[in-house]
Amino acid sequence: MPTVYNWQIRRELDYPYEHERPKKQFAMVMDLNKCIACQTCTIACKTTWTPGRGQEYMLWNNVETKPYGFYPLGWDVKLLDLLGDSQKWVDATYEGPTLFDVAPEGDTLGKWMPDEYDWAFPNVGEDEVSEPVDVGTVMETLPHLAWMFYLPRICNHCTYPACVAACPRKAIYKRPEDGIVLIDPERCEGYQECVAACPYKKSIFNAVARISQKCIGCFPKVEAGYQPQCVTTCIGRIRLQGFISPPDQVRPDNPIDFLVHVKKVALPLYPQTGLEPNVYYIPPIHVPRSFLRQMFGPGVDHALRTYERMRRGEEPELQGLLHLFGSTERISHSFRVVDGEVIGFDEHGREIVRVPLVEPYQERPHEDPALEVVRQDIP
Amino acid sequence: MASRTLALALAAVFAGSSALAQEALKAAYRADGLPLDPRADVWQEVPSMTVTLEGQTVTEPMVMEASITEVQVQALTDGRDIAFRLVWQDTTEDRFQVVGRFSDAVAVMVPYRPSDEVPITMGAPGDRVLILHWAAFRQENLDNGYADVTKLHPNAVYDWYPHAKKPYRYPEDWRNQYALAYIGGEKLFRKNTLNTPVREVVAEGFGTSTWKDVQRAEGKGVYADGSWQVVIRRRFVEENTSNPDWGPGKRTFFTVAVWDGSAGDRGGRKTLGYAWIPLEVEAAP
Ligand code: SF4
Ligand code: SF4
């Protein structure tokens, strides 16, 4: 098997196919401090791509409540189980087993197959099970005494996809032009090897069409220079889609590179799978570190320090860039923060959006002597 | 991973193994038609051969422990068609291919070139094989109506399907071009609504199997008393498509694969006969 290099875990691994990095790699950053679980992204995706028969419980984009929400049931617990007890990081290098290392005899990688009903309860009772707090409790310190957070998930369009590795019919492919991973519906025979293989459980079987289907990265939009539906509809403006460079070709003015490689504030989800997933998360600051390290690896401490510096106003460029989130439907290939504005540019360096870091505002005095009234907190 | 080297080594072994004197299956001539029904009396008079099956352990994913270990095979010809009858014991009847559950199936493989040197690992580039694949889930569609949501989950509630009218008569409603798009388009529609439980596939090595443009093979499977009985019938020469070099008075080879849905078998996870078996087709007297 060819050997490939995974920069997220800083080590080589065996992958069934020769690998050449795509010309561009689809990537997304999500700021988990801002998601409010409104599910607008889920519905935008659903109405765009999966309103058909056999797709009733198919969510290419889902938002689950951590730690007790899952879609499908227990996906991350099963993943951690599969990788076993020795998921060890030495500094930034992962020395534990990847999915390829835990392959049983006769298979390419460690898998588990969800049951039909594991998919059947998205977002049911997920918040309610979180720990209650006593009346009068004040949470002023981080991490919070009681905590939960929302985790939006799409297909990670992995650099070394488990779904591609697992498909015996070679029906799944990674596009060389943008790294988007697609299932060819004509070659798929519904063997569901990808469903069992994808540790993020983002390949889902359609029992009516009898093929597996998955997030297509809104490729028709991306091809035209627009961000996917889940990004452009996001109410919390937590998302930014773009393209990530490998670490030896980082462009600091590329928004995704800046967040992931330069500031290292956005981290991959369960990088220990070995797949090099390309959705990157800014970890939520109120959650205990041990939980976050388990999810996002050892980069969590640095990411949170940087994020908190930003909150104190010490990272103006980062703060500026976060204003680009949700400010344009177009894909920003580069950005600049100047004079209180963040500017996004397209592939050809043409300006596509300019956002003020502080919205213009007017201050009016509390008391209005002319009308002899006291203003309440109204705009 | 060692599997590729292993595959090569095994391929070499299997190419050699068929050189052992192997009893041939005779497709006896019968003038008045080849019954599609596996329970037809005619089949009682046709000699049968036992083919021993082993788990597929050449390429991943594999079957390390075969749950079906033998299948009885018979064959008949009327000079134009050939019919195989395959009978095997399977304690679980799996007629659906749904989330995490798989269908029982059986396939007969014949090389295009009538030689036992064609790699039994589904051929090789330039060395094509024909695979006639019967599946219980397709039989179920034909016998009891398409396995749609309402059939799989009679109590399912769903408010609205775009571009489909009530009652949603799928698969017929897939002919609506909008609805078609919602299940992945024309080809998928065709694959899912074949009027036969047998699909015709060609392959030139593992992972290359592809549906033929022309799908005319027929079949019928019946499950009774813990056994599947399946008949697969095809013309030797179908028009407007490629065909193996076989026919009345000729000798070629075949082998069989069986899938046990309950054991998680699908695709490469199958049990198969690892040696080509000579197939002698009787000519009309
Ligand atoms: S997240 Fe899963 S489905 Fe998506 S590319 Fe990775 S392995 Fe494939
Ligand atoms: S639309 Fe945005 S804020 Fe709302 S659930 Fe989705 S990611 Fe979270």
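Cross-link pairs exceeding 28 Å in C-alpha to C-alpha distance, out of A:Lys24/A:Lys263; A:Lys23/A:Lys88; A:Lys66/A:Lys221; A:Lys170/A:Lys221; A:Lys88/A:Lys111, comprise A:Lys23/A:Lys88; A:Lys66/A:Lys221. Using the Stokes-Einstein relation with a Kirkwood hydrodynamic radius computed over Cα pairs, the translational diffusion coefficient of the stretch B:2-281 at 37 °C and a viscosity of 0.692 mPa s comes to 166 µm²/s. Residue by residue along A:183-193, Cβ atoms of other protein chains within 10 Å of the local Cβ number 6 on average. Using the alpha carbons alone, the radius of gyration of the stretch A:304-363 stands to its Kirkwood radius in an Rg to Rh ratio of 1.02.
For the protein assembly as shown, the convex hull drawn through the C-alpha positions has a volume of 198 cubic angstrom per residue.
In the stretch B:219-266, the residues whose accessible area drops by at least 40 square angstrom when the other protein chains are added to the isolated chain are B:Arg266; the probe is 1.4 Å and only protein heavy atoms count.
Shown in residue order for the stretch A:259-268 are the 3J(HN,Hα) couplings computed by the Karplus curve 6.51 cos²θ - 1.76 cosθ + 1.60 at θ = phi - 60°: 6, 8, 8, 7, 7, 6, 9, 10, 10, x Hz (x for Gly and Pro). Across the stretch A:275-284, rounded Karplus estimates of 3J(HN,Hα) from the backbone phi angles (6.51 cos²θ - 1.76 cosθ + 1.60, θ = phi - 60°) give 8, 6, x, 10, 9, 10, 10, 7, x, x Hz, Gly and Pro being marked x. The lysine pair count for the stretch B:2-281, using Cα distances under 27 Å and pairs eight or more places apart or on different chains, is 24. Relative to the longest principal axis of the Cα atoms of chain A, helix A:300-311 runs at roughly 20 degrees.
Absence of a disulfide-compatible partner, taken as no other cysteine beta carbon within less than 4.7 angstrom, is noted in chain A for A:Cys35, A:Cys38, A:Cys45, A:Cys158, A:Cys167, A:Cys188, A:Cys198, A:Cys218, A:Cys234.
Averaging 1/r over every pair of different alpha carbons in chain A and inverting the result gives a Kirkwood radius of 21.9 Å.
In sequence order, the stretch A:345-362 has phi-based couplings of 10, 7, 4, 9, x, 7, 5, 10, 7, 9, 10, x, 6, 10, 5, x, 9, 10 Hz under the Karplus curve 6.51 cos²θ - 1.76 cosθ + 1.60, θ = phi - 60°, and Gly or Pro positions carry x. Counted over the stretch A:1-139 with a bin width of 10 Å, the fraction of Cα pairs per bin, in whole percents, is 9, 25, 33, 27, 6, 1.
Accessible surface for A:Trp60 stands near 20 Å², nearest 10, in the context of the full protein assembly shown (1.4 Å probe). Each peptide among A:13-26, B:136-149 gets the average number of other Cβ atoms lying within 10 Å of its residues, and from highest to lowest they stand as B:136-149, A:13-26.
Quotient of the Cα radius of gyration of the stretch A:230-376 and 2.2 N^0.38 Å, N being its number of residues: 1.27.
Size descriptors for the stretch B:18-111: radius of gyration and Dmax over Cα atoms are 15.9, 45 Å. Computed over chain B with a Gaussian network model linking Cα atoms closer than 10 Å, the most mobile of B:Arg85, B:Arg39, B:Arg233 is B:Arg39.
The values are calculated or read from the model by the stated rules, or taken from the named source; none is laboratory data. Computed from a prediction, not measured in an experiment: that's the story for all the values here. When we count neighbours, we look across all protein chains shown, and the Cβ atoms used for this are built from the backbone with ideal geometry, even at glycine. The protein model used for the area step is the full one, side chains on, heavy atoms only, and it has no ligands, DNA or RNA in it. Shrake-Rupley method; radii C 1.70, N 1.55, O 1.52, S 1.80 Å.
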